[in-house]
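Enquirer: Structure in structure tokens, see below.
Rule-based calculations on the coordinates, nothing more; no lab input. The shown structure was predicted, so the numbers you read here are calculated from the model rather than taken from an experiment. Don't worry about glycine lacking a Cβ; one is built from the backbone with ideal geometry, like all the others, and counts go over all protein chains shown.
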Amino acid sequence: MFNLVRNEQMKLFLQKSTWAMLIALVLMAFFGVFLTKPDSDEVKYTDANWRTILEKENKKIEKNLKDPETQADEQYYQYVMQDYEVNEYYLKNDIMPLNYGAWQYVLDGKGFLPLLSLLTIIVAAGIVANEYRWGSIKLLLIRPITRTKILLSKYLSVLLFALIGLALFMIVAWIAGAIFAGVDGLNPKVAVYTDGKVVYDSIIARVFEDYGFKLVNLVMMATFAFAISTLFRNSALAIGISIFLMMAGSSIIVFLMEKSWAKYILFANTDLTQYTTGVPIFKGTTLGFSITVLLVYYVIFVVVSWLSFTKRDVAGS
Amino acid sequence: MTENAMELVDVRKSIGSKEIIKGLTFSIKKGEVFGFIGPNGAGKTTTIRMMVGLMKLSSGEIRIDGKSIVSEYKDAARKIGAIVENPELYPFMTGWQNLVHFARMNKGVTNERIKEVVELVGLEKAVKEKVGKYSLGMRQRIGIAQALLHRPSVLILDEPTNGLDPTGIREMRQHIRKLAEEENVAVIISSHLLSEIELMCDRVGMIQNGKMVAVQSVRDAEKPDTPALQDVILEAQPIEKSRSLLYAHSKIEAKAEGDLLRFQCEKDKIPELVAYLAGENIAIYQVGAGKATLEEKFFDLMGENTIV
């Protein structure tokens, strides 16, 4: 199995398109810091001024929260309210908030993870279909290795690619953050709103938790693309469908909101943070419910992929 | 152990309700070069795909060195090296990287072995270049190299001389014969070039409409049916006079084909006949030994209009 994964990685990283994708990811991680970094003059907390800055901010938020328009949108309301609670926490406990720095940028960088999902979908969609396109599938499947093992090695390679991409992204993001925003310590702490209350927590722990949640979506979409690509043996189709669904997923949910079965749709369950920081999309769903739904989808994707790869003939092109 | 490298027993394949392989039974001995011919759509490629496990058998059995490709896939596949249709390797990798890739999928293929195979197919220079830049002939060679890496006991080659220049074809022929004779490898070659098959193979199987219509030894076909009689081709003028003279001299019935006469006689008698004809003022331009080519046999068996 080790040799098979090594083969897949070799094939993946000898293709120029893989490098183009990773370079895009690195550029995003590097320059993204200018998008998330607050204007330095506006909020540079010092011992003298941080209280007034936060108080002023919260006055603004209070006004916003009373606005009927804000109250109409529950998600937005929650979001604004959480900012308020976090500020209150700093003031009440007399802790100066951290100035923006490398670790905070890495944490904010989770917002760019859909790009990594996209790249992983492209890799997942191609890793089987391309063998058919190149014709090399015939030489690959006449070895003394079961098709199940070959398929598994390809799937593991996709996940490995995602991990490599993720590590690269985080490292570059930290470096960019350190250069443009400064280093905010070895293990800095911030106040965050989670599970209905504000906690003072290490950013690094937050990074792993938040990225972990985001990866659920990545793994589900990559597995979906992988299954479609083995089923139809066509990478363009698999990329198209997967990216469309990834982009349109939340709109689909809004569109079908009223249906009683809408909560069983994959995209209603891929964002598990709805149970920790936000409001569940559907009332009455729980973390356990979503995990069960995700597992059912996952098993379906894997079985579809496995059946179509191992049971079908490799006929002429 | 059996001396058959590959055995097919009543192999059938249906796609949908259509049966495309209708019960193939034949075997290939160790060290034998077996030619597999037939018109397009006869089922050659389907049969080869079943031999290597790319397609499943609807019924029947294929054994490689006694191991079933159906129930003992891994043991059977270990003994096969193959090119199925075109040798399609990874175009963005070098020849060497491609070989390393396939070597890793078999146990015990060392770097030395890869080097050995590269030398065998004569790709020492090109092996560092990307396969995408290879000519068809080089691709054919790298295809054969990947098939030989793990020292298979059965080598299956689909159109192996496709795209090779005349020198390449000769080398390929020598390689294949050498593998069969020295390493006791059974080689299965499918081709539409009948003359190629004739030069390379020991036996030929002709397949038509999913059935084996004939299996015969090539070497035997080249020899006269009875040792005494020889096919003779004679170019002589005037042709009609020659024909009647031959009949008058020793009751030989010659067929006129354009400027040529074709007949059979004992080999020892040829000089005598030539001298006799010359004595009768017949202008003799050439005398040659004729033989029924595989192509003629092919069309005899298949009929002229086989491609439906």
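Enquirer: With the cut-off at 1.5 for a/c, could you classify the range A:172-317 from its C-alpha gyration tensor as rounded, prolate or oblate?
Expert: Taking the square roots of the gyration eigenvalues as a ≥ b ≥ c, the range A:172-317 is oblate.
Enquirer: Separate question: Quick check: Cα centre of the range A:109-123 to Cα centre of the range B:63-140, how many Å?
Expert: 36 Å
Enquirer: Let me ask you something else. How large are Rg and Dmax for the range B:229-290 when only the alpha carbon atoms are used, in Å?
Expert: 10.0, 26
Enquirer: Take the alpha-carbon centre of the range A:141-194, take the same for the range A:279-305, and report the distance between them in whole Å.
Expert: Spelled out, the Cα-based centre of one part sits 23 Å from the other.
Enquirer: Simple spin-label model, 7 Å along Cα-to-Cβ: B:Ala275 to B:Gln174 in nm?
Expert: Rounded to a tenth, the inter-label distance reads 4.2 nm.
Enquirer: To the nearest whole number, what is the average tally of beta carbon atoms from other chains within 10 Å of the beta carbons of peptide B:77-88?
Expert: Rounded to a whole number, the mean comes out at 4.
Enquirer: Of A:Ala227, A:Ala129, A:Ala236, which is the most mobile in a GNM of chain A whose springs link Cα atoms less than 10 angstrom apart?
Expert: Fluctuation is largest for A:Ala236.
Enquirer: For chain B, take the longest principal axis of its alpha carbons; what is the angle in degrees between that and the long axis of helix B:136-148, to the nearest 10 within 0 to 90?
Expert: 60 degrees
Enquirer: Could you run the Karplus curve 6.51 cos²θ - 1.76 cosθ + 1.60 with θ = phi - 60° over the range A:307-315 and give me ³J(HN,Hα) per residue in whole Hz, x for Gly and Pro?
Expert: 4, 6, 7, 8, 9, 8, 6, 9, 8
Enquirer: Using the alpha-carbon atoms, what tilt in degrees (0 to 90, nearest 10) does helix B:166-183 show relative to the longest principal axis of chain B?
Expert: It is inclined by approximately 70 degrees.
Enquirer: Let me ask something else. In angstroms, what radius of gyration and Dmax does the range B:4-222 have, counting Cα atoms only?
Expert: 16.8, 50
Enquirer: Something else about it: Starting at 0 and stepping by 10 Å, how many percent of the alpha carbon pairs of chain A end up in each bin?
Expert: 5, 22, 28, 23, 13, 6, 2, 0
Enquirer: Can I ask one more? Check each of the GluC sites (Glu not before Pro) in the range B:85-158 and keep only those in coil by DSSP with at most 12 other C-beta atoms within 10 angstrom; list them in order. Can you show the working numbers first?
Expert: Values: sites: B:Glu85, B:Glu88, B:Glu112, B:Glu116, B:Glu119, B:Glu124, B:Glu129; in loops: B:Glu85, B:Glu88, B:Glu124, B:Glu129.
Those satisfying the criteria are B:Glu124.
Enquirer: For the protein assembly as shown, list log₁₀ I(q)/I(0) at each q in 0.06, 0.10, 0.11 Å⁻¹, using the Debye formula over Cα point scatterers of equal strength and ignoring solvent, two decimals each.
Expert: The Cα Debye sum returns log10 ratios of -0.52, -0.98, -1.08.
Enquirer: Also, quick follow-up: What spacing in nm lies between the two simple spin-label points modelled at B:Glu183 and A:Leu237, each 7 Å away from Cα in the Cβ direction?
Expert: My value for the distance between the label points is 4.0 nm.
Enquirer: Still on this structure, I have one more. Given the Cα-Cα distance of B:Lys128 and B:Val215 and 0.36 nm per residue of separation, how much length would full extension add, in nm?
Expert: Working it through step by step, the gained length comes to 27.1 nm.
Enquirer: Take every Cα pair under 8 Å in the range B:4-222 that's 6+ residues apart, average their separations, divide by the length, and report that relative contact order as a whole percent. Let's see the in-between values first.
Expert: Details: 445 pairs, mean separation 63.9, N = 219.
Contact order relative to length: 29 percent.
Enquirer: Right, another one. Quick one: compute the contact order of the range B:130-240, relative version, from alpha carbon pairs under 8 angstrom and 6+ residues apart, as a percent.
Expert: It comes to 18 percent, rounded to a whole number.
Enquirer: Please work out how much length the chain gains when fully extended from A:Arg51 to A:Leu256, using 0.36 nm per residue of separation minus the C-alpha to C-alpha distance, in nm with one decimal.
Expert: 69.3 nm
Enquirer: Given R₀ = 22 Å, FRET efficiency for A:Thr286-A:Gln71 by Cβ-Cβ distance, to 0.05?
Expert: Once rounded, the FRET efficiency stands at 0.30.
Enquirer: Another question, if that's okay. Could you work out how far apart the two model spin labels at B:Glu85 and B:Ile284 are, taking each label as a point 7 Å from the Cα in the direction of the beta carbon, and quote it in nm?
Expert: 5.4 nm
Enquirer: In addition: Applying 1/(1 + (r/R0)^6) with R0 = 35 Å to the Cβ-Cβ distance of A:Gln78 and A:Leu307, what FRET efficiency is obtained, to the nearest 0.05?
Expert: For A:Gln78 and A:Leu307, the calculated efficiency is 0.25.
Enquirer: Also, I was wondering about something else. Show me the chymotrypsin sites (Phe, Trp or Tyr not before Pro) within the range A:238-317 that DSSP assigns to loop and that have at most 10 other Cβ atoms within 10 Å of their Cβ.
Expert: A:Trp261
Enquirer: Given H placed on each backbone N at 1.01 Å, which residues far from B:Ala214 in sequence or on other chains put an amide H within less than 5 Å of it?
Expert: Answer set, sorted by chain and number: B:Met206.
Enquirer: Taking Cα centroids, how far is the range B:252-269 from the range A:24-100 in Å?
Expert: If you average the Cα positions of each part, the centres end up 106 Å apart.
Enquirer: Among B:Leu199, A:Leu307, B:Leu24, B:Leu164, which comes first, second and so on when ranked by fewest other beta-carbon atoms within 10 Å?
Expert: So the residues, fewest neighbours to most, are A:Leu307, B:Leu199, B:Leu164, B:Leu24.
Enquirer: Enter the angle in degrees (range 0 to 90, nearest 10) between the Cα long axis of helix A:50-66 and the first principal axis of the Cα atoms of chain A, meaning the one along which they spread out most.
Expert: Tilt of helix A:50-66: around 70 degrees.
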